[in-house]
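Each remark here refers to the structure printed beneath this line.
The values are calculated or read from the model by the stated rules, or taken from the named source; none is laboratory data. Quantities reported herein were computed from a predicted structural model and do not represent experimental measurements. Here Cβ is always computed from backbone atoms with ideal geometry, including for glycine, and neighbour counts include all displayed protein chains.
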Amino acid sequence: MNNVGEFLKTNGIKPSYQRIKIYEYLMNNREHPTVEGIYSALNGQIPTLSKTTVYNTLKIFIDKGIAMAITIDENESRFDAQMDMHGHFKCEHCHKIYDFKVNFENALEDELDDFEILDQQMFFYGICKHCREKS
């Protein structure tokens, strides 16, 4: 994406400097950052940034469908700007979260035929390849 400001406008979001920087960070950071992580990474560039601004901005992005919240652990929300269908794997050793491709298209089609699906998420927990190789 070349122009984040235009992208935000197209999605009905006023493209303030802080919103542009938060979305750029979210797009470029595949680690699925937390509010704290985004705040810590951008506070040096944007001294007026607050955690409340980060949280409220992420809520706008989620409401407009350009980001998603990922709650893998009950006490920690992470955020993702990759909106195509994919799953997440969390390593129990290094705590990194990895994306993987998933085809939800026909999964459980008959079993959920009369249901209205509002969200689809798939999570796996385990030990990543890197951590397995280290031990």
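Considering each of ILE60, ILE38, ILE13 in turn, give the residue that is of a type outside the set (S, T, N, Q), assigned to a loop (DSSP other than H, G, I, E, B), more than 22 Å from LYS101 (Cα to Cα) and in contact (Cβ under 8 Å) with a residue 40 or more places away in the chain. Walk me through it before giving the result.
On the way: ILE60 fails: assigned to a loop (DSSP other than H, G, I, E, B); ILE38 fails: assigned to a loop (DSSP other than H, G, I, E, B).
That would be ILE13, the only listed residue that is of a type outside the set (S, T, N, Q), assigned to a loop (DSSP other than H, G, I, E, B), more than 22 Å from LYS101 (Cα to Cα) and in contact (Cβ under 8 Å) with a residue 40 or more places away in the chain.
ARG30 is checked against (1) assigned to a loop (DSSP other than H, G, I, E, B); (2) in contact with a helix residue (DSSP H, G or I) (Cβ under 6 Å, 6 or more places away or on another chain); (3) of a type in the set (Lys, Arg) and fails just one. What number does that condition carry?
Evaluating ARG30 over (1) assigned to a loop (DSSP other than H, G, I, E, B); (2) in contact with a helix residue (DSSP H, G or I) (Cβ under 6 Å, 6 or more places away or on another chain); (3) of a type in the set (Lys, Arg) leaves (2) as the failure.
Using the structure shown, decide if LYS9 is farther than 21 Å from ASP119 by Cα and either polar (S, T, N, Q) or in contact with a Leu (Cβ under 9 Å, 6 or more places away or on another chain) (or both). Please lay out each step first, then the result.
Details: farther than 21 Å from ASP119 by Cα: yes; either polar (S, T, N, Q) or in contact with a Leu (Cβ under 9 Å, 6 or more places away or on another chain) (or both): no.
Against the criterion (farther than 21 Å from ASP119 by Cα and either polar (S, T, N, Q) or in contact with a Leu (Cβ under 9 Å, 6 or more places away or on another chain) (or both)), LYS9 does not qualify.
Among PHE100, PHE89, which is the only one that is of a type in the set (Phe, Trp, Tyr) and surrounded by 12 or more Cβ atoms within 10 Å (Cβ to Cβ)? Before the answer, list the steps.
Details: PHE100 fails: surrounded by 12 or more Cβ atoms within 10 Å (Cβ to Cβ).
Step by step, each of PHE100, PHE89 is checked, and only PHE89 is of a type in the set (Phe, Trp, Tyr) and surrounded by 12 or more Cβ atoms within 10 Å (Cβ to Cβ).
Is it the case that some residue within region 53-69 is within 25 Å of VAL4 (Cβ to Cβ), at pLDDT below 90, surrounded by 11 or more Cβ atoms within 10 Å (Cβ to Cβ) and assigned by TED's automatic domain parsing to the domain that holds GLN18? Break it down into steps so the answer makes sense when it comes.
Taking region 53-69 and keeping what is within 25 Å of VAL4 (Cβ to Cβ), we get 53-69.
When the remaining residues are screened for being at pLDDT below 90, the result is none.
Taking every residue of region 53-69 in turn, none turns out to be within 25 Å of VAL4 (Cβ to Cβ), at pLDDT below 90, surrounded by 11 or more Cβ atoms within 10 Å (Cβ to Cβ) and assigned by TED's automatic domain parsing to the domain that holds GLN18.
Going through HIS93, HIS88 one at a time, which residue ends up being closer than 18 Å to MET27 by Cβ and either outside the structural domain of VAL35 (by TED's automatic domain parsing) or not basic (Lys, Arg) (or both)?
Numbers: HIS93 fails: closer than 18 Å to MET27 by Cβ.
One residue alone meets the criteria, HIS88.
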